[in-house]
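Right, one structure below, let's go through it.
Where a number appears in this text, it was derived from the coordinates with a stated rule and is not lab data. Bear in mind the structure is a predicted one, so any value in this text is a computation, not a measurement. Quick reminder, even Gly has a Cβ in these numbers, built from the backbone with ideal geometry, and neighbours come from all protein chains shown.
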Amino acid sequence: MDFRKPKSLLHCIASRELNSYPVRIRPETVFDEIGVINAQRISDADLSYVPCALSFSKTLKHSYDLAVADDDGYVTLFNTRRRSTIGEWRTHEDTVFDVCWLKEDTRIVTASCDETMKVWDVERKMCLRELWDHEDRVETICSHPTNDDIIVSGSKDGSFRLWDLRCNSITVVGNAHPYHKYGQVEAMRITSVLWLKDQVSIATGGSKDSVPKIWDIRCLDRDVSPIGPLPQPAGQQRLEGITSLSQDDRGVLLSASCKDNRIYLYNTLQLERGPLRSYEGGSLSSYMKAAISPDALNIASGSDEGNIYISKVNKPHEQPTILLPSDEENVSLVDWSFSEFGKLATAGEHIVRIWDQNHPVME
């Protein structure tokens, strides 16, 4: 009887390639524009507004809903699947810089130039609570990963605050990103706050510091101090400031877009090692945002020149895919859908665009 040695997996794969029709994979990843929404008031189509914040809803039931906050204090809700407007209402008398979904997408919290935050019932468009304690405009907010009653906010006053809506408590971390100017220590504005997936850490970005700081909330009742700061990225000669922070769905990767026109990527499990890699695309000024996709495959960023840059996370040295919206001087906002992977919203002056990723296919 003839006993033959079993073939290895690599041998089988090679044999299949040699003796059968090869499978060709179309390698390019294409983002198609699937919708354009003109930023115009529902009540008066002659009035246009400038989007200042974008946020996709977080639940599967409302995964296609997009909230857009603007410079006139309004929040507008869009159905990105039907390409239609759901509704709008005025949330503040001044610019709304950030918006965040809460409570299974039944609530929205807004952060405004008027130094306050407000919690809204989405269906009734009713203000349920007003939060005030900051001493300057509130620029950024983020909810706890598992408890929507806990919110972190960052302000131009240089502080970030933890809000527990259950008991109306406020924890203040002042002068979170200090810097020296003419021999004096001043507080730089907080441009981005992000509650990390480990549920006990908060990342913050400052307007003049290109390295984010990580804070352990369990230490905030004692000497308030950052775990970091993280090591300065190699080769950087000047601190330019962070414009936005984001993380993937698992919370392993943390991205920081900076005004040196780079996006730095960190591993949250190895923060002491500094950035893993960096990405370059367009020009990033103070209010240009970037975001890593929930599946950790791509990083999208806006730019001053009006282009959208999509970089592959695992190929930092590869040229990014460039999306070219027409008739826009800049694209400042980007946000990925939480549940419809590959779906991207961008906003420039007076226009919101929806993109969808055409994944590589086998032929």
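Computed quantities for the displayed model
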{"quantity": "Whole-Hz ³J(HN,Hα) from phi, Karplus 6.51 cos²θ - 1.76 cosθ + 1.60, for region 272-283, glycine and proline x", "calculated": "5, 8, x, x, 6, 6, 9, 10, 10, x, x, 7"}
{"quantity": "C-alpha center-to-center spacing [region 65-85, region 89-140] in angstrom", "calculated": "15"}
{"quantity": "Computed E for residue 171/residue 249 - FRET, C-beta separation, R0 35 angstrom, nearest 0.05", "calculated": "0.80"}
{"quantity": "Extension gain (nm, one decimal) between residue 324 and residue 285, 0.36 nm per residue minus Cα-Cα", "calculated": "12.2 nm"}
{"quantity": "Within-15-Å neighbourhood charge of residue 204 [Cβ basis; K, R +1; D, E -1]", "calculated": "0"}
{"quantity": "Fewest-first sequence of 110, 171 by Cβ atoms within 10 Å of each Cβ", "calculated": "171, 110"}
{"quantity": "Sequence-distant lysines (8 or more away, or on other chains) whose Cα lies within less than 22 Å of residue 125", "calculated": "58, 61, 103"}
{"quantity": "Per-pair calculated FRET efficiency, R0 = 30 Å: residue 60 and residue 267 via Cβ, rounded to 0.05", "calculated": "0.60"}
{"quantity": "Qualifying lysines (Cα of each under 25 Å from Cα of residue 181; at least 8 residues distant if same chain)", "calculated": "156, 208, 213, 259"}
{"quantity": "Distance-filtered residues of region 283-327 - backbone nitrogen under 11 Å, label point 7 angstrom along residue 36 Cα→Cβ", "calculated": "325-327"}
{"quantity": "Per DSSP, loop trypsin sites (Lys or Arg not before Pro) in region 121-154 with at most 16 further Cβ within 10 Å", "calculated": "124, 125"}
